[in-house]
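Dropping a structure here in C-alpha cells format, bear with me for questions.
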Amino acid sequence: MKLGLIGRTGAGKTTLFEALTKSRLDTLQRKESRIGTVKVPDDRVDRLSAMYQPRKTIFAQVEYLLPSPAEHVKEKAREQSIWTQVRDCDALLHVIRNFSGYGLAAPTPQADFQAVDQELILSDLVVVEKRLERFVLDQKRGKKPNPEEQQLIQRCAAILNQEKPLRHFPEVAGAHVLRGYAFLSAKPCLVLFNNEDEDESLPDLGPWADQETCVAVRGKLEQELGQMDPEEAREFMAEFDIRDLAMDRMITASYALLGLMSFFTVGEDEVRAWTIRRGTAAVDAAEVIHSDIKKGFIRAEVLAYDDLMAAGSYAEARKLGTVRLEGKTYEVKDGDIINFRFNV
C-alpha cells in the first residue's frame with residue numbers, strides 16, 4: 001500500500017519524508033522521486049515478540065512516495081507530472097505549512113488546503129469531461145456505453161462542478177467500475193499540518209474540519225530526532241518532555257485511512273503482522289501468506305490478541321476455551337492470531 005505526499009511548495013514534504021524514513025536526502029536525491037518503506041508501529045507486535053522470543057519479528061509496512069516534478073518543462077507541466085506520479089497511490093498525504101520562518105509569509109493553512117484540493121478536483125474534472133465527450137461520440141457511432149459507468153461519471157461531473165472532492169461521496173469514490181480512472185480527489189486523504197517545534201495543536205480548517213482526517217506534527221523536530229541514534233533520541237525526548245512521536249501516530253493513521261488492519265502469526269521462528277483490508281474473509285487472509293494455504297484451506301485456528309494477553313500463554317488460552325476454529329467465511333478481526341490448517 002502506497003501513500004503519496006502532496007502539498008504546496010515549501011510545505012515541508014521533504015522534511016516529513018526524511019522524518020518518516022529516518023533518512024537524509026542529498027541534493028541530487030531531492031530532485032528525484034523517492035519511495036520509502038516504513039514499518040507500522042504496533043505495541044502488540046512488540047509484546048508478542050517478547051512472549052515468543054522469535055528469530056524474526058516483522059511489522060506491517062506502508063510505502064510513502066515523495067514525487068519530484070519533471071525538470072526543464074513549463075510550470076503547469078511540472079504540476080501535472082506530480083499528479084501523474086501519485087495517481088497510482090492508494091491514498092494521499094496532504095502536507096500543509098503551519099510554521100513561520102525568516103522570509104516566509106504567515107502560514108495560511110486553510111487557504112493552502114483549499115488551493116491544492118481544488119487542483120485535485122480540477123484534474124479529475126478534466127478527465128470526467130473528456131469521458132463524457134467520448135460517451136456522446138460512441139453513441140453517435142452506435143456504440144452503447146456501460147449504463148452504470150455513464151451514470152457514475154455523470155454523478156462525478158455534478159460533484160466536481162460543485163467544487164467538492166469525490167472522497168466525500170464513498171458510494172462514488174469506492175465504485176468498482178471507476179477504479180481505472182484513478183481519480184485524485186477520490187483517494188483517501190490524510191491532512192498533515194507541519195507545525196512549529198513548540199506547537200502541537202491543530203489549526204482551524206474551517207468548514208472542512210469535520211470532513212477530513214487531520215494530524216499535527218512538528219516536522220523539523222521529528223526530522224532531527226530521526227537522525228539521532230535511539231538512545232540519544234530517548235534522552236532528547238525525556239529532556240524536552242516529548243511523550244511520543246507524532247510520526248508514529250501519523251503512520252498508524254495513514255494505515256487505518258487505507259482501511260487496513262493486521263492479523264498475526266506467531267511462533268519460535270517468526271512473529272509477524274500481516275496486512276489485510278477490513279472485512280476480509282479467513283480464506284482470503286490465508287492467501288496473503290501463501291496461495292497454497294488458500295487452495296488447501298481447512299480451518300483457521302483463531303485467538304484474539306486480548307484473550308492471549310489475558311491468559312498469559314497460548315496453552316492457557318486453549319484451556320480457557322478462547323482458541324476457536326473458524327471456517328472460510330469467518331471475517332478476520334484486527335489483532336486476531338491465526339494458525340491456518342490446510343492440505344495441498
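The values are calculated or read from the model by the stated rules, or taken from the named source; none is laboratory data. The model shown is predicted, which means the values in this text are computed figures rather than measured ones. Note: ideal-geometry Cβ built from the backbone for every residue, glycine included; neighbour counts use all protein chains shown.
Which ranges mark the strands (runs of 3 or more DSSP E) fully within segment 51-116 that have 3 or more residues being modelled with pLDDT of 95 or more?
Details: elements: 56-58, 61-66, 91-98.
So the answer is 56-58, 91-98.
A further question follows. Those residues that are touching a His at 6+ places or on another chain (Cβ under 8 Å) and part of a helix (DSSP H, G or I), I need them from segment 191-223; list them, please.
Taking segment 191-223 first, the residues touching a His at 6+ places or on another chain (Cβ under 8 Å) are 191-192, 211.
Hit for segment 191-223 is 211, nothing else.
Take residue 297 and tell me if it is more than 30 Å from residue 168 (Cβ to Cβ) and under 24 Å from the mean Cα position of the chain (by Cα).
Numbers: more than 30 Å from residue 168 (Cβ to Cβ): yes; under 24 Å from the mean Cα position of the chain (by Cα): no.
Judged against the criteria, residue 297 is not a match.
Would you point out which residue out of 216, 256 is buried (at least 17 other Cβ atoms within 10 Å of the Cβ), modelled with pLDDT of 85 or more and within 20 Å of the chain's Cα centre (by Cα)?
Values: 256 fails: buried (at least 17 other Cβ atoms within 10 Å of the Cβ).
Just a single option satisfies the conditions, and that option is 216.
Just need a number here: residues in segment 236-252 that are surrounded by fewer than 14 Cβ atoms within 10 Å (Cβ to Cβ) and among the small types (Gly, Ala, Ser).
Selection size over segment 236-252: 1.
Considering only segment 252-308, state which residues are among the aromatic types (Phe, Trp, Tyr), part of a helix (DSSP H, G or I) and not assigned by TED's automatic domain parsing to the domain that holds residue 55. Write out each step before concluding.
Taking segment 252-308 first, the residues among the aromatic types (Phe, Trp, Tyr) are 255, 263-264, 274, 297, 305.
Remaining after also requiring part of a helix (DSSP H, G or I): 255, 305.
Once the filter is applied, which keeps residues that are among the aromatic types (Phe, Trp, Tyr), part of a helix (DSSP H, G or I) and not assigned by TED's automatic domain parsing to the domain that holds residue 55, segment 252-308 yields only 305.
Restricting to segment 154-190, count the residues that are outside any loop (DSSP other than H, G, I, E, B) and touching a Pro at 6+ places or on another chain (Cβ under 9 Å). Let's see the steps before the verdict.
Our first condition is that a residue be outside any loop (DSSP other than H, G, I, E, B); within segment 154-190, this holds for 154-161, 166-168, 170-173, 176-181, 189-190.
When the remaining residues are screened for being touching a Pro at 6+ places or on another chain (Cβ under 9 Å), the result is 159, 167, 173, 189.
Going through segment 154-190 one residue at a time, the tally reaches 4.
Let me ask something additional. Looking at segment 244-270, I want the residues that are farther than 15 Å from residue 188 by Cβ and have a partner that is assigned to a loop (DSSP other than H, G, I, E, B) and β-branched (Val, Ile, Thr) with Cβ atoms under 8 Å, at least 6 apart or on another chain. Which pairs are those?
From segment 244-270, the pairs are 262/40; 263/332.
In segment 79-128, which residues are closer than 18 Å to residue 164 by Cβ, of a type in the set (Asp, Glu) and without any contact (Cβ under 8 Å) to a residue 60 or more places away in the chain?
Once the filter is applied, which keeps residues that are closer than 18 Å to residue 164 by Cβ, of a type in the set (Asp, Glu) and without any contact (Cβ under 8 Å) to a residue 60 or more places away in the chain, segment 79-128 yields only 119.
Output the number of residues of segment 201-213 satisfying the condition of being modelled with pLDDT of 85 or more, over 15 Å from residue 92 (Cβ atoms) and surrounded by 13 or more Cβ atoms within 10 Å (Cβ to Cβ).
Taking segment 201-213 and keeping what is modelled with pLDDT of 85 or more, we get 201-203, 211-213.
Those still in the list that are over 15 Å from residue 92 (Cβ atoms) too: 201-203.
From what is left, the residues that are surrounded by 13 or more Cβ atoms within 10 Å (Cβ to Cβ) are 202-203.
So the answer is 2.
Moving to a separate point now. Could you figure out which of (1) in contact with a helix residue (DSSP H, G or I) (Cβ under 8 Å, 6 or more places away or on another chain); (2) touching a residue at least 12 places away in the same chain (Cβ under 8 Å); (3) not polar (S, T, N, Q) isn't true of residue 287?
Single failed check for residue 287: (2).
Going by the structure shown, is residue 175 under 23 Å from residue 79 (Cβ atoms), out of contact with any strand residue (DSSP E or B) (no Cβ under 6 Å at 6 or more places or on another chain) and either surrounded by fewer than 15 Cβ atoms within 10 Å (Cβ to Cβ) or without any contact (Cβ under 8 Å) to a residue 60 or more places away in the chain (or both)?
Values: under 23 Å from residue 79 (Cβ atoms): no; out of contact with any strand residue (DSSP E or B) (no Cβ under 6 Å at 6 or more places or on another chain): yes; either surrounded by fewer than 15 Cβ atoms within 10 Å (Cβ to Cβ) or without any contact (Cβ under 8 Å) to a residue 60 or more places away in the chain (or both): yes.
So residue 175 fails the test.
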